[in-house]
Every structure is written in C-alpha cells, then in structure tokens.
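Worksheet for the structure shown next.
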Amino acid sequence: LAYVLFQSSSTVLFHHRRTGMLGLTSAVAAVANVALCFALVPVWSLAGAAVATTVTYGAWAVVVRRLADRHDDVPWVPGVAGRAVLVAGLGLTAGALMPTDGPWMVLRVLLTGIVAIQAVRAIRREMG
C-alpha cells in the first residue's frame with residue numbers, strides 16, 4: 001500500500017517537474033532506514049531490518065504524498081482504500097501464519113491468484 005501511495009504521489013511531482021523533492025526525500029529515507037537498521041537489527045535480527053524498511057518506506061510515502069498534495073489533488077476513494085487495507089492485512093496475516101512446505105505452498109499460490117483476480121475485478125468495477 002505504501003508503494004501505491006508513493007508511486008501515485010511521485011507521478012504528480014514528476015508531472016510538475018518537482019523531481020528535486022524526490023531526490024531529497026529519497027536521501028533522507030535512505031539515511032533513516034540505515035539508522036533504524038543499526039538500531040533494530042542487533043535487537044531483532046532480520047526482522048529488525050524488515051521493520052526498519054517498512055517504517056521508513058511508509059513514512060517516505062506519506063511525506064511524498066504531502067508534497068504532491070501541494071501541487072495537485074489526487075483523490076482517494078475511501079471505501080476502496082479501506083477495503084485494500086483490510087484485504088492486505090488479512091493476506092499478510094494469513095501468509096505469516098501458513099506453513100511454507102509442500103501442499104501449503106500450492107495453497108499460497110492459489111490464494112494469491114484468487115486475490116489478484118478479485119483485485120482486478122474490483123478495480124474494473126470502481127472505474128466503471
């Protein structure tokens with residue numbers, strides 16, 4: 001979700017030729033990510049790096065969104081965004097709890113396909 005937020009917002013900045021803002025925010029996000037990794041990896045190992053990256057990428061996306069809002073309004077459809085967050089959260093939780101061997105991997109692939117198909121259908125419905 002942070003990736004979608006970042007991509008839609010960065011497109012606005014590219015359109016308005018404000019790419020310098022992207023360079024600055026990228027550098028700050030990279031430094032923040034490394035700093036958080038130094039703080040969290042000794043405590044949580046690889047999970048610490050994942051948390052650091054998730055937090056900094058999410059914050060970076062929000063900052064870029066705020067910058068883009070100064071130049072253009074990119075409306076979000078609240079119901080669609082809410083459903084996307086709910087489905088993503090459920091999918092991440094299920095993926096974290098499912099085993100990763102044998103038939104479980106087949107089930108993961110099938111569920112991923114089903115979710116992808118449903119996402120495309122939902123997008124088509126919303127776009128008319």
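Considered as an equivalent ellipsoid built on the Cα gyration tensor, the chain has semi-axes of 29, 25, 10 Å, the largest given first. A straight chain from ALA94 to VAL28 at 0.36 nm per residue would run longer than the Cα-Cα distance by 20.5 nm. The Cβ shell under 13 Å around PRO75 holds other residues with a net charge of -3, Lys and Arg each +1, Asp and Glu each -1. Here the accessible area of the chain is 72 percent carbon and sulfur, with a 1.4 angstrom probe and all protein chains present. For the chain, the solvent-accessible area works out to 72 Å² per residue, with a probe of 1.4 Å and every protein chain left in place. Gyration tensor analysis over the Cα atoms of region 54-106 returns equivalent ellipsoid semi-axes of 33, 15, 8 Å (largest first, whole Å).
Summarised in one figure, the compactness ratio Rg/Rh of region 32-76, Cα atoms and Kirkwood Rh, is 1.21. A straight chain from ILE117 to THR11 at 0.36 nm per residue would run longer than the Cα-Cα distance by 35.6 nm. Here MET21 sits with roughly 40 square angstrom of accessible surface, probe radius 1.4 Å.
The values are calculated or read from the model by the stated rules, or taken from the named source; none is laboratory data. Being a predicted model, the structure only gives us computed values, none of them experimental. As a convention, Cβ positions derive from the backbone with ideal geometry for all residues, glycine included, and neighbour counts pool all protein chains shown. Surface areas here come from the heavy atoms of the whole protein model, side chains and all, with no ligands, DNA or RNA. Shrake-Rupley method; radii C 1.70, N 1.55, O 1.52, S 1.80 Å.
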